[in-house]
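In what follows, a single structure is set out as structure tokens and then discussed.
The values are calculated or read from the model by the stated rules, or taken from the named source; none is laboratory data. Computed from a prediction, not measured in an experiment: that's the story for all the values here. Cβ placement follows ideal geometry from the backbone for every residue including glycine, while neighbour counts extend to all protein chains displayed.
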Amino acid sequence: MARWAIANDHAGLPLKSTVADAIRALGHELVDLGTNSADSVDYPDFAHALASKVASGEVSRGVLICGSGIGVSIAANRHKGVRAALCSEPLSAALSRQHNDANVLCMGARIVGAAMAEAMVKAFDATAYEGGRHQRRVDKIEG
């Protein structure tokens, strides 16, 4: 069992419970970093909170949800050691793990539905990092 974190803005709230349930169903402990309200909030605050926990090793993986997924992925990727991948279907979620060793899955609640979000979480969880030739590229990302 791994320790994951989830965070979202107000636009991501409707999809959050589905994603959280999918993570727990895989047997992982889940840290909920909010928001748990439909009141407007600033997505970078939540993305930075989650990315900090991933970067420190407090959690091994994370999921960020906003309206499009774009804003949270940009904010999270500003943290050293965080490789946040914006995905909209399971293949990109799997490839982000396999080739890029992604540790944060980002998605847009206005882009994907519940079934697609659940399938992405499963693919992200089930796919191992391949390493090998990909490690050279991941090292270049980290600088």
What are the pairs with Cβ atoms under 9 angstrom where one residue, in the stretch 83-101, is free of Cβ contacts under 8 Å to residues at least 60 places away in the same chain and the other, located anywhere, is among the basic types (Lys, Arg)? Sequence gap at least six, or different chains. 85/97; 90/122; 93/122; 96/83; 99/137; 100/83; 100/137; 101/83
Residue list for the stretch 31-48, restricted to those being surrounded by fewer than 18 Cβ atoms within 10 Å (Cβ to Cβ), touching a strand residue (DSSP E or B) at 6+ places or on another chain (Cβ under 8 Å) and hydrophobic (A, V, I, L, M, F, W, C): 31
Every residue from the stretch 67-82 that is touching a residue at least 40 places away in the same chain (Cβ under 8 Å) and within 17 Å of residue 99 (Cα to Cα): 81
Considering each residue of the stretch 72-89, count those that are out of contact with any strand residue (DSSP E or B) (no Cβ under 9 Å at 6 or more places or on another chain) and either part of a helix (DSSP H, G or I) or at positive phi (or both), and give that number. 1
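Would you check which residues across the stretch 62-71 are assigned to a strand (DSSP E or B) and in contact with a Phe, Trp or Tyr (Cβ under 8 Å, 6 or more places away or on another chain) and list them?
Initial filter on the stretch 62-71 (assigned to a strand (DSSP E or B)): 62-66.
The answer is 62, 63, 64, 66.
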Does the stretch 90-141 hold any residues that are among the aliphatic types (A, V, I, L, M), in a loop (DSSP other than H, G, I, E, B) and closer than 21 Å to residue 77 by Cβ, and which are they? 102, 109, 111, 112
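Residues checked against (1) basic (Lys, Arg); (2) under 18 Å from residue 22 (Cα atoms); (3) within 15 Å of the chain's Cα centre (by Cα):
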| position | (1), (2), (3) |
| --- | --- |
| 93 | no, yes, yes |
| 101 | no, no, yes |
| 124 | no, yes, yes |
| 131 | no, no, no |
| 137 | yes, no, no |
| 140 | yes, no, no |
| 143 | no, no, no |
List the pairs whose first member sits in the stretch 115-143 and is farther than 15 Å from residue 82 by Cα, whose second member is in a loop (DSSP other than H, G, I, E, B) and of a type in the set (Asp, Glu), and whose Cβ atoms are under 7 Å apart, counting only residues at least 6 apart or on separate chains? 116/89; 120/89
Matching option when the condition is within 20 Å of residue 4 (Cα to Cα) and among the acidic types (Asp, Glu), among 139, 125: 125
Number of the exception - residue 61 against (1) surrounded by fewer than 19 Cβ atoms within 10 Å (Cβ to Cβ); (2) touching a residue at least 12 places away in the same chain (Cβ under 8 Å); (3) among the basic types (Lys, Arg): (1)
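Based on this model, can you work out whether residue 54 counts as more than 19 Å from residue 18 (Cβ to Cβ), aliphatic (A, V, I, L, M) and modelled with pLDDT of 95 or more?
Criteria met by residue 54.
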